[in-house]
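Derivation of every value follows stated rules applied to the coordinates shown; laboratory data play no part. Model, not experiment: these values are computed from the prediction. Using ideal geometry, Cβ is built from the backbone for each residue, glycine included, and neighbour counts are taken over all protein chains shown.
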Amino acid sequence: MKLVTCGLPYANGKAHIGHLRTYIPADVYVKYLRMMGEKVLFICGSDCHGTPIVVNAEKEGISPRELVDRYHEHFKKVFASVGIEFDYFGRTDSEYHHEMTKNFVKKLIEKSYVYSKEIELAYCPKCKRFLPDRYVEGICPYCGAVARGDECDQGCGRYLEPGEIKEPRCKICGTKAEFRKQKHYFFKLTAFRDFLLEYLDKVGGTENALNYARKWVKQELKDWCITRNLEWGVKFPGEDLVVYVWVDAPIGYISYTREACKNLGCDWEKIWVEGVKKEGDIKWGDIIHFIGLDIVYHHCIFWPAMLKGVEFALPSAIVASGMVKVEGKTFSKTRGYVVWVEDDYLKSGFNPDYLRYYIVNYTSHQKDLNFSWKVFMDKVNNELIANLGNFIYRVTYFAWKNFEGDVWSFNVKADDSVIKAVEKARNEIVKAIKNWEFKIASDAFMELASFGNNYFQSKEPWELIKSDKEKCAEVIANCLHIVKALTILAYPVLPFSMKEVAKIIGVDEFRMNKVNEFEKIKVLKKPKPPFKKVEEEKIEEMEKLMIDRIRKADEKTVKYVTIDDLSKLDLRVGKILRAEKVKKSRKLIKLEVDIGNEVRQIVAGIAETYKPEELVGKQVVVVANMKPAKLMGVESRGMILAADVEGKAVLLTPEKEVPIGSKVR
Ligand SMILES: [Zn+2]
Ligand SMILES: [Zn+2]
């Protein structure tokens, strides 16, 4: 039995297109595997713990459980509505999951992979509490960006350990936090360094995930604090602490497998404990994780080490989907660049198959997907309808109208070119699916539909029906062979529409080995076009909805300043005298800048756009009264201004050379 999982959706908000970017290809993958005769278990569930849920529930004045209930039901409903068929959709706040997690952690303790240590943690003197993860905000010690307690989400993207954040403030009341000592528990991640390097070398999946993880293991592996000061979560054995949400969430894959197996009669221990083969130090399972790029650390580093620690089987592949853009801009819920699956898409009455096709067919699984309503309309009207839908409808309608759906009273035989085209599409799809190439798979059935359209057109059955009815029947029999192949081959991507077509032509099961069979396909009832056109006015309406949302988000974030505020800034033109990269940093460059009356050392996060040697001699705008700070241990006294272009810095420089030290007003 093969196990396929999807990264657990966090039960703290509604389903959006970013979720579907991972879940739809996973569902498509599972549907194809099942058509090929493989036994697959497909599981997922809500991730219910962690500080964001607690913080949000507090804000709404409800319990974390109530908040989780709401979103758990929402996800279940939305996933079913878009045709994602999990065998089990669990939740991590359930008793069975708590039990599984406690046993797992106990095993890690027994194997001596967990130790305790006193650490300095952010503490709010006003709220009188420790501030785990999202309860605290401050400065990233690596890149100097504003960061959350557990993640540098606006800067370098690093995962932050408790106590690492600089200048912490309480997120609830805004008070400057103190550091206080407390005993916490650590997982000996560093003991797994060699194992992880070997594992990441051998594990299957997409390179985007693995490359990133390998680099991180080589450079920055540290032991991992696995306890938090919270009430909501799985209790850590013998302490008034809970285990960190990123310890218990992936264990959800195991507890959901066990629950699914209870219902379906499979054996979870075969999947997770026995595995399928041993190779040196690695016990492999037949387990495939579909994830988003934002959770690569957790799935490629923490999780395999935890599994190895309890001697469980390891995932055989980690498949990461590329990021999502909306109308060309980086996906962002707060800035309004988002498509909500239920409120925007489903409630507008769009066929879920259209979105499935868009996500799978827009680009390869590892690349960034841009969702645009215009492109959406184009893909539906000019690809699905004009090609696939057109072929299926014209063939079935022709057979219905001229032969009452049955061409088999004539003596007809298979056309070699048709048999070959069908075989080719099937083989391409089988190969593509094994390589996580869902775009190639969907292109293959679309090419078969094009072939069908050309075949129909070139044989002119509308002429043959008048001159040679037997010949005409043969053409239609061959076209029906293509229609049947398309119905099966496109089913995993377009399940709702292809089920309808299957009813019309009497196909009752979707199996790969039926595709090549030249069967006596009949049209059993009056055909309908499989797809409905997307109207331009509807698309304009959707675009307007999004523009309004973006404008509202902008208004919310605008903070007006006065001349007085502005005059607090001492802005001057300086000239870069020297520049060198800060050691061990991807982004930082150390500059010496002449600002007229002195030469300042300034550290700037511009190494991704500029080489040090390009910078020397450039005039730049300097914030001269910036509070001094240390970035990666290097002092910085000032800041240089730059435009932020999709995360890359482009320096501001005077339009013509000016005297050094000139004031900027
Ligand atoms: Zn950072
Ligand atoms: Zn506070």
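Structure notes:
- With the convex hull of the Cα atoms taken as the outline of the stretch 566-651, the averaged projected area works out to 5.5 nm².
- For the stretch 249-263, 3J(HN,Hα) per residue [Karplus equation, 6.51 cos²θ - 1.76 cosθ + 1.60, θ = phi - 60°, Hz, x = Gly/Pro]: 4, x, 4, x, 4, 6, 5, 5, 4, 4, 5, 4, 5, 4, 6
- In sequence order, the stretch 273-283 has phi-based couplings of 9, 5, x, 10, 7, 10, 9, x, 8, 10, 9 Hz under the Karplus curve 6.51 cos²θ - 1.76 cosθ + 1.60, θ = phi - 60°, and Gly or Pro positions carry x.
- Here the calculated FRET efficiency for R214 and V658, from their Cβ-Cβ distance with R0 = 45 Å, stands at 0.45, rounded to the nearest 0.05.
- Protection proxy ranking, highest mean first, for peptides 315-322, 327-334: 315-322, 327-334, where packing is the per-residue count of other beta-carbon atoms within 10 Å, averaged.
- Once the Kirkwood radius over Cα pairs is known for the chain, the Stokes-Einstein relation at 37 °C and 0.692 mPa s delivers a diffusion coefficient of 116 µm²/s.
- Report note on the peptides 627-635, 353-361, 98-106: ranked by the mean count of other C-beta atoms within 10 Å, highest first, their order is 353-361, 98-106, 627-635.
- Scanning residues 5 or more positions from N370 or on other chains, those with amide H under 5 Å from its amide H are K325, with H placed 1.01 Å from N in the peptide plane.
- Modelled label reach - K111, point 7 Å along Cα→Cβ, the stretch 259-293 residues with backbone N closer than 17 Å: 269-286
- Here the peptides 647-656, 392-401, 612-621 are ranked by packing, the mean other Cβ count within 10 Å, and the order with the highest first is 392-401, 612-621, 647-656.
- Degrees between helix 416-434 axis and first principal axis of the chain (Cα, 0 to 90, nearest 10): 20 degrees
- Here the stretch 351-514 is described by how far its Cα atoms reach on the three principal axes: 53, 31, 28 Å, from widest to narrowest.
- Relative contact order of the chain, taken over Cα pairs closer than 8 Å and 6 or more residues apart, is 12 percent.
- Of K420/K484; K413/K522; K218/K590; K188/K587; K401/K469; K499/K528, pairs whose Cα-Cα distance is over 19 Å: K218/K590; K188/K587
- When the C-alpha to C-alpha distance is required to be over 22 Å, the pairs from K176/K630; K262/K283; K117/K171; K14/K532 that qualify are K262/K283; K117/K171; K14/K532.
- The stretch 538-597 versus the stretch 48-75: alpha-carbon centroid distance in Å: 34 Å
- Virtual spin-label span in nm between V616 and E269, 7 Å along Cα→Cβ: 6.8 nm
- E151 long-range amide H proximity, modeled H, under 5 Å: L160
- Karplus 3J(HN,Hα) series, Hz, for the stretch 466-474 with 6.51 cos²θ - 1.76 cosθ + 1.60 (x for Gly, Pro): 7, 9, 8, 5, 5, 4, 4, 4, 5
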